[in-house]
1. Given the criteria within 19 Å of the chain's Cα centre (by Cα), within 19 Å of Tyr188 (Cβ to Cβ) and modelled with pLDDT of 90 or more, does Tyr232 qualify?
2. Just to be sure, is Tyr277 surrounded by 13 or more Cβ atoms within 10 Å (Cβ to Cβ), of a type in the set (Ser, Thr, Tyr) and closer than 20 Å to Asn326 by Cβ?
3. Looking at (1) under 11 Å from Leu189 (Cα atoms); (2) out of contact with any strand residue (DSSP E or B) (no Cβ under 7 Å at 6 or more places or on another chain); (3) of a type outside the set (Val, Ile, Thr), which is the one condition that is false for Ala244?
4. Pick out, from segment 60-107, the strands (runs of 3 or more DSSP E) lying fully within it that include 2 or more residues that are among the β-branched types (Val, Ile, Thr) and in contact with a strand residue (DSSP E or B) (Cβ under 7 Å, 6 or more places away or on another chain).
5. (1) in a helix (DSSP H, G or I); (2) touching a helix residue (DSSP H, G or I) at 6+ places or on another chain (Cβ under 8 Å); (3) surrounded by 13 or more Cβ atoms within 10 Å (Cβ to Cβ): which one isn't true of Glu165, the others all being true?
6. Suppose we filter segment 224-235 for residues that are buried (at least 19 other Cβ atoms within 10 Å of the Cβ) and among the aliphatic types (A, V, I, L, M); how many remain?
7. Scan segment 118-134 residue by residue and report those that are touching a strand residue (DSSP E or B) at 6+ places or on another chain (Cβ under 6 Å) and surrounded by fewer than 17 Cβ atoms within 10 Å (Cβ to Cβ).
8. Can you name the number of the only condition in (1) at pLDDT 90 or above; (2) exposed (fewer than 12 other Cβ atoms within 10 Å of the Cβ); (3) over 30 Å from Gln77 (Cα atoms) that Gly333 fails?
Amino acid sequence: MKKLLTVLIVIVGIYLLACVLVPKEYNVSRTTSIDAPSYVVYSQVANLENWEKWSPWEEKDSTIDNTFSGAEMGIGQIMSWTSEESGTGRLEIIEAEENKMMRTTVDFEGQGRGYGSWSFDEEEGKTKTTWGMKGETPFIMRPFNLLMDGMLGADFEAGLANLKEVAESMPIEPKVEVKMELMPAIQYLSVKDSCASIGDSVSAKLGELYGLIGDHLKAQGVEMAGMPFALYYSWDSVSTVFEAAIPVAEEVESGDRVIYHTFPATEALVAYKVGGYDTEAEHMAIEAKMQESGLQPMGPAFEFYTNDPMEVGMENATTTVAYPINEVMENEGEE
């Protein structure tokens, strides 16, 4: 019994000595090269809902139940989880630079907080991707820091391998070219409305509103002066606020919902979409260019539908996405 007690005292003493000697901080990271542009890789990481496609912990623990809150993507998005095997936790994106880096806080109930980091370095179409985490452990748990690199590093390696597979299987969209162009002054009739963002709700609502404007034009005996277009004020995964608009060559009396407007000539950042009406990439490219250049939008974003898909085919349907900036070139009157 005495010998056993002595052995236990020695073991406890060695453990406590390790608590003193082992650094309180851990820092683990792993890197891989992914054969895909940085925007593809970043989109899989900066939207936490996408983690379910590649996270190593989703593979290891089938009892994980995730919930998402906060922002739709990037800074402020939160993923919380519960698990019979892994307990509960919370991950929040606290810093992000589009297609370049991201930082997170990770809270494990009863186990403290870690700080995650991501970097995305693109060169010649490939993205060097690094996933890391650092943190501090309580005094009594410090010896486990000696095992952290092997345990957490293995998870990072598995997750990066899964992320590589997902990103490399995604179709690569052609790079969107953004130009600064002069947007001419416009006279138009429009109806402002909102609807859910899901499915074809927006296009269906636009069609309905174009019908209202067409009826008003007919009642006024006025011809449309070009193809219909739309103005977008706000949009997210829940709802979209927009105006359906038809250009006119002269001032037209407004109705109950159909209102006559003018918009001044101005410089605008412009991108062109050919084939279908999914213009998300064009909007994102223009917004990134504005942020990079320190420009501010002047009002809503415009989408000009420059041809009729019934005549040219949907594969040749062309949309001009334009963001007027705050420098007015020629004052043609305000709304």
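The values are calculated or read from the model by the stated rules, or taken from the named source; none is laboratory data. Model, not experiment: these values are computed from the prediction. Cβ placement follows ideal geometry from the backbone for every residue including glycine, while neighbour counts extend to all protein chains displayed.
1. Answer is yes for this residue.
2. Values: surrounded by 13 or more Cβ atoms within 10 Å (Cβ to Cβ): yes; of a type in the set (Ser, Thr, Tyr): yes; closer than 20 Å to Asn326 by Cβ: no.
Criteria not met by Tyr277.
3. Ala244 satisfies every listed condition except (2).
4. Details: elements: 65-70, 77-82, 89-97.
Strands (runs of 3 or more DSSP E) meeting the threshold: 77-82, 89-97.
5. Just one mismatch for Glu165, condition (3).
6. Selection size over segment 224-235: 2.
7. Selection gives Asp121, Lys126, Lys128, Thr130, Lys134.
8. It is condition (1) that Gly333 fails.
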